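Reading through the structure tokens given below for one structure.
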Amino acid sequence: MCASCPRAFDEALVSGYLDGELTQAAEQKVRIHVEDCAHCRALLAELRTMREATMSTAFVAPDDRQWDERPRSGLSLLSRGAGWVLGLVWVAAVAVYGLWQLWISPAGLVEKVLAFGGLSALALLLISVALDRLAAARTDPYREVQK
Ligand SMILES: [Zn+2]
């Protein structure tokens with residue numbers, strides 16, 4: 001951190017807040033300050049991310065805060081959107097190809113039905129996730145206009 005809080009808020013308090021070491025009054029103070037100080041809000045988020053990273057080396061699914069990390073330029077926004085579209089097309093193509101291969105194969109009806117069900121479910125799940133991400137990417141740039 002090279003920048004510091006414009007209102008000279010004690011960073012130790014922010015860190016203590018994260019660890020749950022503060023008294024109720026101090027905790028309240030941090031919460032109120034963080035609400036309208038972008039610097040300390042960022043500091044809190046950064047400390048939390050660091051804390052989470054050191055606490056667990058296992059894979060942690062990205063939470064909403066990380067998904068919210070918006071691309072900085074129109075170009076990266078565009079490429080992210082294109083990435084999701086391509087991913088979506090790829091998933092659909094693989095699913096369709098796989099199902100077609102299976103359908104023309106000499107596998108028994110039961111196997112075909114089982115694989116069809118599983119593949120279709122997987123494809124639908126991936127497509128729904130992709131669509132969600134796409135919708136989020138489209139609305140993101142307008143969500144924090146007041147910054
Ligand atoms: Zn502050």
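Our summary of shape: the Cα atoms of segment 11-60 have principal axis extents of 34, 23, 15 Å, ordered from largest down, in whole angstrom. The string of couplings for segment 14-25 from the Karplus curve (6.51, -1.76, 1.60, θ = phi - 60°) is 4, 5, x, 4, 5, 7, x, 9, 8, 6, 4, 5 Hz, one whole number per residue in order, with x for Gly and Pro. Considering only Val85, Leu75, Val110, the residue lying farthest towards the positive end of the dipole of segment 71-143 is Leu75, judged by Cα position with unit charges set on Cβ. Please compute the contact order of segment 71-143 in relative form: average sequence separation of alpha-carbon pairs under 8 Å and at least six residues apart, divided by the residue count, as a percent. Across segment 71-143, relative contact order equals 50 percent. With a simple spin-label model that places each label point 7 Å from the Cα along the Cα-to-Cβ direction, the separation between Leu124 and Val96 comes to 1.9 nm. Neighbour counts of C-beta atoms inside 10 Å place Tyr97, Tyr17 in the sequence Tyr97, Tyr17, starting with the fewest. Net length available on complete extension from Arg51 to Val110 is 16.3 nm, with 0.36 nm assigned per residue and the Cα-Cα distance removed.
Read-outs throughout are calculated quantities, based only on the coordinates presented, and are distinct from any laboratory measurement. Bear in mind that the values here come from a model prediction, so they are computed numbers and not experimental data. Don't worry about glycine lacking a Cβ; one is built from the backbone with ideal geometry, like all the others, and counts go over all protein chains shown.
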